[in-house]
Number of protein chains: 2
Amino acid sequence: MKQLLDEPALRALARGCAVLGTGGGGDTRIGLLQATQAAQEFGPAELVDLDELPSDAVIMPCGVIGAPTVAIEKIGNGNEGVVLRDHLEQITGRKVAALMPAEIGGSNGLLPACWASRIGLPVVDADGMGRAFPEVPQVTMQLAGIPPSPYVLTDERGNLIVFRAISGAWVERLARAAAAEFGGSAVAAEYTMTVEQARGATVRGTVSLAIRIGEAMAAAADPMAALIAATGGFALVSGKVADVERRTAKGFVRGSVMIEGLGADTGRLLRLELQNENLVALEQGTVRASAPDLISVLDSETADAIPTERVRYGQRVTVLAMACDPIWRTPPGLQIAGPRAFGYDFDYAPLEELASVNH
Amino acid sequence: MKQLLDEPALRALARGCAVLGTGGGGDTRIGLLQATQAAQEFGPAELVDLDELPSDAVIMPCGVIGAPTVAIEKIGNGNEGVVLRDHLEQITGRKVAALMPAEIGGSNGLLPACWASRIGLPVVDADGMGRAFPEVPQVTMQLAGIPPSPYVLTDERGNLIVFRAISGAWVERLARAAAAEFGGSAVAAEYTMTVEQARGATVRGTVSLAIRIGEAMAAAADPMAALIAATGGFALVSGKVADVERRTAKGFVRGSVMIEGLGADTGRLLRLELQNENLVALEQGTVRASAPDLISVLDSETADAIPTERVRYGQRVTVLAMACDPIWRTPPGLQIAGPRAFGYDFDYAPLEELASVNH
């Protein structure tokens, strides 16, 4: 049976994307409103598996680039997806057959559903991360050797830029600077590829995974327990937000969050460091979890994930760490998304090992 | 008889472009070396009048964007002109018939000759300023309503960007940020137009004017007198450079230069303020000359213009002010290139009026 991204599916998707967003990827509340409105006006988009599409069909991965703190206030005009699709088709001379979230995390997991419903195309059940990461080339397409260019960027005013850069790192640098000029965020189509290429270059099934996570949370009397069961995650600490340091600059949010344990965790102090996403969880100088594994800050009551731009002093939260897709634990994966890729001077250790050592 | 941009013509052109550059547009020494080498290897480019080309022929205005302080150390790979021409033809579907300096001032007046000789195309005897200005939309094409987009930017590494912005101001903002990411400078093709459009959208005859200025200087026993005669300029002061304040940031050079009068001008102190180009000349709080009129700092011995990035303490210099093309003195011209366009809180007065009041 066809899976439609209708309102119930979008609501579940939004909760799941928030959890997989590890704090980043954009606020799912706004993403849900936009996707729901599009589904009402234009009919819901269809979710398809790669294997349901012809091998030579063209997939357009897409999403927001910029600082989530900005994106919650700087809303699109709604037509950006059409503009990106049209221009991409014009410069490549090929028809786009389906949209795909470049990252499933945060509102970036919802945006392709919103645009696909406006354009009348399906959404592929896959993404380039299985989570959210801050930088353009931190995607499985990069690992698979798919070129990021032509990288098409547009803003709500109607400006459009095509980057044909010599590397993913140069796309990141140039597109980030443009997003900063646009006020801190913009939207893009990137790493255009065929279905054939996408089979070995994406994390598959992540849209339906996010929907399942959201549905499990909604169905359970104890959503936190349901979420932990659905994700196989580890609760690192439960407590309250004791300090937030957050700044928006050069197209990123950076900062840190301190969480003071309560209840069984009284006396403990966990520090999260972030660049759009939560990157590292530290306790008394010891790494409890780090990228590329997922670290999400959840409302202790509802288990809903709180994006980095909405974390506030006094919130009662539980920090959940989840294992990343295995591709990120390979040497090439760690090279672009491990702790050292973010400037940390320590080697990655899988969450499961850290958890068994620390507790 | 056809005018060829051969070595003698290029040498004269370089001297003329330096004077018309009002300090900016890039160091002509490097531009001359590049253009001469290209003329030797590929044969000299031909200089043509607009009326020698078919009305529907496509003209590619081009030049460097960025800070001249950077451009003297960050040299192109030589092939950028070919890359720009090829990509422009690809995205517009039209053949480029001739190159044109976007600005005649500085090395930007020479670069099209260099590229044209490599590509095998002529150079149009016109430009978009009759001088040099710091910002992208400060061109007569903007005044004539020619769109700046597609604005194609490339660097020596092979990165390429196409900007399709909603205004000249947005191109300036976005392309400047990209040039800054590239290390402070890049090269671009912009305001592509037909010969028919160019007739009412350019300052005509400026390449041959620059050559005539250079030839007059070379032929004269007193090059300063020859230059003043050739340009109708006013010597504002002769003296020595007493102070230089110059910083390179965000793709521009900004700062100021103090000149202490010597000889007949002893006791006088002239201050130049600059943004790539010399914008304003002040003496005891009184404006002696301002953009859009031209202000050039000349070596008092040779009359050669000294670009802003080479002005140094102790140099013996004469400051020459020259009337700009009449189009810049119209209300739309002053709006984009008058003192207020650069943030100064005074109205423009023509150089000739200021000179008659002050002396």
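Nothing in this text is a laboratory measurement; each read-out follows from the coordinates by a stated rule. None of the values given here were measured: they were computed from a predicted structure. Cβ: placed from backbone, ideal geometry, glycine included. Neighbour counts: every protein chain shown.
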Selection from B:Q40, A:G130, B:G338 lying farthest towards where the dipole of the protein assembly as shown points positive, charges on Cβ | B:G338
Which whole number gives the average count of other chain Cβ atoms within 10 Å of the Cβ atoms across peptide B:154-163?
-> 6
Most exposed first by the Cβ proxy, i.e. fewest other Cβ within 10 Å, how do A:I65, A:I30 rank?
-> A:I30, A:I65
For chain A, calculated [θ]222 nm from helices alone, where every DSSP H run of n ≥ 4 adds -39500 (n - 2.57) | -9500 deg cm²/dmol
Name all residues of the range B:94-111 having a backbone nitrogen under 11 Å from the label point set 7 Å from the Cα of B:D51 along its Cα→Cβ direction, giving them as ranges.
-> none
Helix A:80-92 axis, angle to chain A major axis (alpha carbon atoms, nearest 10°) = 50
Candidates per trypsin sites (Lys or Arg not before Pro) in the range B:141-237, loop by DSSP, up to 16 other Cβ within 10 Å | B:R157
Helix B:28-42 sits at what angle to the longest principal axis of chain B, using alpha carbons and giving 0 to 90 degrees rounded to 10?
-> 30
Roughly how many debye, to the nearest 20, is the charge dipole of chain A about its Cα centre, given +1 on each Lys and Arg Cβ, -1 on each Asp and Glu Cβ, and no other charges?
-> 540
Check: the protein assembly as shown dipole with +1 on Lys, Arg Cβ and -1 on Asp, Glu Cβ, in debye = 580
Which net charge results when you count Lys and Arg as +1 and Asp and Glu as -1 among the other residues whose beta-carbon is under 12 Å from that of B:M60?
-> 0
Among B:C324, B:C114, what is the fewest-to-most ranking by other Cβ atoms within 10 Å?
-> B:C324, B:C114
State, to one decimal in nm, how far the label point of B:E89 lies from the label point of A:Q37, with both points 7 Å from Cα in the Cβ direction.
-> 4.6
By DSSP, what percent of the beta bridges with both residues in the range B:3-206 are antiparallel, rounded to the nearest 5?
-> 70
Mean-square fluctuation maximum in Gaussian network of chain A, Cα pairs under 10 Å, restricted to A:P68, A:P150, A:P326, hits A:P326
Treating the angle as unsigned and between 0 and 90°, give the value, to the nearest 10°, between the Cα long axis of helix A:206-219 and the longest Cα principal axis of chain A.
-> 50
With unit charges on the beta carbon (Lys/Arg positive, Asp/Glu negative), name the residue among A:I104, A:N79, B:F234 whose Cα is farthest towards the positive pole of the charge dipole of the protein assembly as shown.
-> B:F234
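Relative contact order for chain B using alpha-carbon pairs under 8 Å, separation at least 6, rounded to a whole percent? List each step's numbers first, then the result.
On the way: 904 pairs, mean separation 71.2, N = 359.
This gives 20 percent for chain B.
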What is the local net charge at A:S238, summed over the other residues whose Cβ is closer than 14 Å to its Cβ (Lys, Arg +1; Asp, Glu -1)?
-> -2
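Other chains' Cβ within 10 Å of B:144-151 residues: what's the mean?
For peptide B:144-151, the averaged partner shielding equals 1.
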Within the set B:A179, B:A144, B:A289, GNM on chain B using Cα springs under 10 Å gives the largest fluctuation to B:A144
Of the options A:P8, A:L209, A:L298, report the single residue whose Cα projects farthest towards the positive end of the charge dipole of chain A (beta-carbon charges: Lys, Arg +1; Asp, Glu -1).
-> A:L298
Around B:A38, what is the net charge, scoring Lys/Arg as +1 and Asp/Glu as -1 over all other residues with Cβ under 15 Å from its Cβ?
-> -2
Extending each Cα 7 Å along its Cβ direction at A:N79 and A:D299, get the distance between those two points in nm, one decimal.
-> 3.6
What ranking do A:K95, B:K240 get, fewest neighbouring Cβ atoms within 10 angstrom at the top?
-> A:K95, B:K240
With +1 on each Lys and Arg Cβ and -1 on each Asp and Glu Cβ, and nothing else charged, work out how big the dipole of the range B:256-359 is about its Cα centre, in Debye to the nearest 20.
-> 160
